[in-house]
Every structure is written in structure tokens, then in C-alpha cells.
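This report concerns only the one structure given below.
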Amino acid sequence: MKYILIIGDGMADNPVPELGGKTPLEAAEKPAIDAMAAKSRLGSVLTVPRALPPGSDTAILSIFGCDPNLYFTGRSPLEAAGSGVQVEPGWASYRCNMVCLEDGDGPFEEKKILSHNAGSIDGATSIAIITALCADPEFHAAMEEIGMRIAPTPSFRHIAMQKDGDIQGIVCKPPHDILGQVIGPYKFHGNDNAGQLWKLMALANRKLEHLPLNEQRRAEGKKPANGIWFWAEGTAVQLPNFVEHYGRSGSVISAVPLVHGIGVLTGLKKIEVEGATGEVDTNYAGKLQAAKDALLSGDEFVCLHLEAPDESTHNGSLSDKLLAIHQLDSLIVAPLTAWMEQQGMDYRLLLLSDHKTLMSTRTHDGDPVPYLIYDSTKPQPTGLSYTEANGEKGPYVEKGTDLMGLLFETE
Ligand SMILES: [Zn+2]
């Protein structure tokens, strides 16, 4: 028996007026998923405990059987693990985004934030810019003063770590939540360290504003990476071992470090696929092939995570969200299940949206999401398609941490 977990990030939603009151899951063309749902256990699940903020961090921890009430210390230590960076006990870690702020030499706090990823900056340039910044003597000294180190990664998502960094009560607003706004009102607060981080970000802006690499980006019509932004603070975390707990070994295929990090910290292998972008242009064929290779090489469990529905919703593109759901169906679910059947592999497959992402707010929502569990050896006829409303008709799982036991039939 093979066990497959497919996560369509942020697929689930509420009814959308432009779709005549349907949800994107109800409106999207997804015949393979719906055919499977019609023969599955179909229900709904609360992936994020009510008291916690809904997001892929809390939701996917739950899905992998790690109670976020116990193991969620922040997003960045999970991401760091996914990028191969270990956060030492006693250190705080942060995501360090390359961002784009309004041009000019005016006060930092009066600037607007224009992009949370410096205009989707490419990995090589992002590394070059953060490396240049850290090599600046004044910036270097300022980092040293507060025990900060930055580990570059080939994307807009660098990782910052701070020795004895105090994150108790700190409020660091995520940059994607305040796009287009003046940053002053969101000045970090909550403790003394908040002011130190903010000061370092202001210095970074001053250093990066006229960096030759940024002048070059402007000349090319690109957004400059003229700022850094700390957020997603957390402390070193140890997760329960998946292989020991469920007795199954396996792999995690994703475009995003967070999901890889949760996989790695639970003892699973991470598989990186060239051209996996997390958007509708992602390398679907590569991800499909990686899943097949993992199954053929002896993995009993494979997780395929697709970020595109979530990204499309954050970008406010309904057409991309519908396309992303359709692509998940036609480029992943349909060919993967057809291939497993052709190989004569028996399988159980859990498919779900980790959390809702709403077109109406362009952000996450903590309501329950629909899940399906299909068993190729014992189909359960329900005749229902995979939608939020149909999920509500089926068995309700109150704790997302119970899902994996249901997939493996250990509970
Ligand atoms: Zn999201």
C-alpha cells in the first residue's frame, strides 16, 4: 500500500459573487478530483486550532500530526530547516525578506512598502544584494551589536538569526499584509528588541537605496531591493518523528521552504524540483515525476504540496485560482492516479486544502476545510464532488492532527 498526501494550498474559499455565489472549488473544472471524491470518505476538518492564526505553518503542522499548540513557535525556524539552516537553542530566528520601499532619502518611517518580495527578485541577485549589505562595515557592526546573523537563500526569503534574541511579546507585522501603505504606523513594538530590529531595517534601507545593484535594477525597469524586513519570529523547535510515530518513511515535494522544513524536522526527506515556483507557472511535470520516482524508489508515503491556489488568492486573481485548481486536477491528480493504477499500486490518498484563503480578503481564514480520503482497494460511494459544502455533510474531524492516522488507518 502507498500513501499519498496532496495539499492544494488555500484552495478552499467562501462563495464568490463573480462566480454567481459558487466557491472556486465548486466552479473550477476538476473532474479527476471529483470522480475520486465520489468514491471517498469526504468530510471536513479543523486544521488550525481556533486560538491560533490560520496559515500554512499552523495548518500543515497539524496535517503532519504535530499539534501546533505544542510545536508552533513561529514560522521562520520551520522555514530555516527547509533551507538547511539550523537554528541553535537559545537563538531567535526571523524571516528576512528582501522588500521594495518607496525610493528616496527621506525618513524610513514615512516610506510606503511597495513589494514584499522586491518585485519577485531572482535568487542570484537577492543573494548578491544581501551579501553586499552584510559586508558593509557600518551594517556589519550594527548586526554584531544585537547578535544578528543572516543566512542568504536563493530567493527573497533570507533567514536571520539572533543570539539571545528576545521575541517575547514582540509584534513584527508581516510585510505582505501592509502593501502600498506607509510603514511608520507598523513600527515593530512589544519589547526593546523590537526597536533594535526596526533600527537595523532603517539602516539597511539607507545602505541599499543607492547600491549599484539596485541602480541597475531601476535602470532595467525592475523594483529595487532597497529594504529588508524581519518577521515570522520564532525559536528553535523539535518536532515529533513522523517515521517513528506512523511507521512509514517518505518524502515531501514542495516549492516552499516552510513545507520542506516541517517535513525535514519530522524526519522525512525533502525533494526539490527544478522550476517549482509555487505559482501557476510551476513545473507540474517535474513534481509529478518526482512523486513517481519517490514511490518507485520505495517510499511508502509521498506528500505533494501545491502552493499556487494560495498565491493566486493573495494576488487577488480569481482566474489564476480557478486555473491552479484545474492544473492540480489535470496535471497532478489525474496522471498520478492513472499511473499508480497502471503500476498495479494499491494506495490511499488524502487530499485537502490546508486552510481557506479568501478571495474577499485575499488572506487566510481559519474555518474548517473539506478533505477526502480515497482507498483504491475499497471505494466508498458517496457520489459527491470535492467542495466545502459537501465536506460539511461528511464526518467532521475536530483535530487536524488526527488526519494522518486516518490516512494510515492507525486510528
Ligand atoms: Zn497563504
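The values are calculated or read from the model by the stated rules, or taken from the named source; none is laboratory data. This structure is a prediction, so every number in the text was calculated from the model and none was measured. Counting neighbours? That spans all protein chains shown, and the Cβs are built from the backbone with ideal geometry, glycine included.
General remarks:
- The listed residue being of a type in the set (Asp, Glu), closer than 19 Å to Lys30 by Cα and not in a helix (DSSP H, G or I), out of Asp299, Asp281, Asp367: Asp281
- Check on Pro24, at pLDDT below 95 and within 16 Å of the ligand (Cβ to nearest atom): no
- Only one of the listed residues (Met161, Met148) is in contact with a Phe, Trp or Tyr (Cβ under 6 Å, 6 or more places away or on another chain) and touching a residue at least 40 places away in the same chain (Cβ under 8 Å). That residue is Met161.
- Residue in segment 92-100 that is assigned to a loop (DSSP other than H, G, I, E, B) and either within 22 Å of Lys270 (Cβ to Cβ) or in contact (Cβ under 8 Å) with a residue 12 or more places away in the chain (or both) present: no
- Condition check for Met143: over 24 Å from the mean Cα position of the chain (by Cα) and surrounded by 18 or more Cβ atoms within 10 Å (Cβ to Cβ): yes
Here is a yes/no grid of residues against (1) surrounded by fewer than 18 Cβ atoms within 10 Å (Cβ to Cβ); (2) not in a strand (DSSP E or B):
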position: Ile4; (1), (2): no, no
position: Met11; (1), (2): no, yes
position: Asn14; (1), (2): yes, yes
position: Ile33; (1), (2): no, yes
position: Ser44; (1), (2): no, no
position: Ala51; (1), (2): yes, yes
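- Taken together, the residues in segment 332-350 that are in contact with a Ser or Thr (Cβ under 9 Å, 6 or more places away or on another chain) and not aromatic (Phe, Trp, Tyr) amount to 7.
- Checked against the criterion of being part of a loop (DSSP other than H, G, I, E, B), over 17 Å from Lys287 (Cα atoms), within 16 Å of the ligand (Cβ to nearest atom) and not acidic (Asp, Glu), segment 326-348 has no qualifying residue.
- Residues of segment 292-321 that turn out to be small (Gly, Ala, Ser), within 12 Å of the ligand (Cβ to nearest atom) and either surrounded by fewer than 24 Cβ atoms within 10 Å (Cβ to Cβ) or farther than 24 Å from Lys269 by Cα (or both), as a count: 1
- Residue check, Thr361 within 16 Å of the ligand (Cβ to nearest atom), under 22 Å from Pro15 (Cβ atoms), free of Cβ contacts under 8 Å to residues at least 40 places away in the same chain and not in a helix (DSSP H, G or I): yes
This table checks each residue for (1) in a strand (DSSP E or B); (2) basic (Lys, Arg); (3) over 19 Å from Val85 (Cβ atoms); (4) modelled with pLDDT under 95.
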site: Ser126; (1), (2), (3), (4): no, no, no, no
site: Ile129; (1), (2), (3), (4): no, no, no, no
site: Ala132; (1), (2), (3), (4): no, no, yes, no
site: Glu138; (1), (2), (3), (4): no, no, yes, no
site: Ala141; (1), (2), (3), (4): no, no, yes, no
site: Ile150; (1), (2), (3), (4): yes, no, no, no
site: Thr153; (1), (2), (3), (4): no, no, no, yes
site: His158; (1), (2), (3), (4): yes, no, no, no
site: Gln162; (1), (2), (3), (4): yes, no, no, no
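- Pairs where the first residue, in segment 9-34, is free of Cβ contacts under 8 Å to residues at least 12 places away in the same chain and the second is β-branched (Val, Ile, Thr), C-beta under 6 Å, 6+ apart: Pro15/Thr23
- For segment 172-193, the count of residues that are part of a loop (DSSP other than H, G, I, E, B), among the β-branched types (Val, Ile, Thr), in contact with a strand residue (DSSP E or B) (Cβ under 9 Å, 6 or more places away or on another chain) and surrounded by fewer than 21 Cβ atoms within 10 Å (Cβ to Cβ) is at least one.
- The requirement of being within 16 Å of the ligand (Cβ to nearest atom) and under 28 Å from Gly298 (Cβ atoms) is fulfilled somewhere in segment 69-78, by at least one residue.
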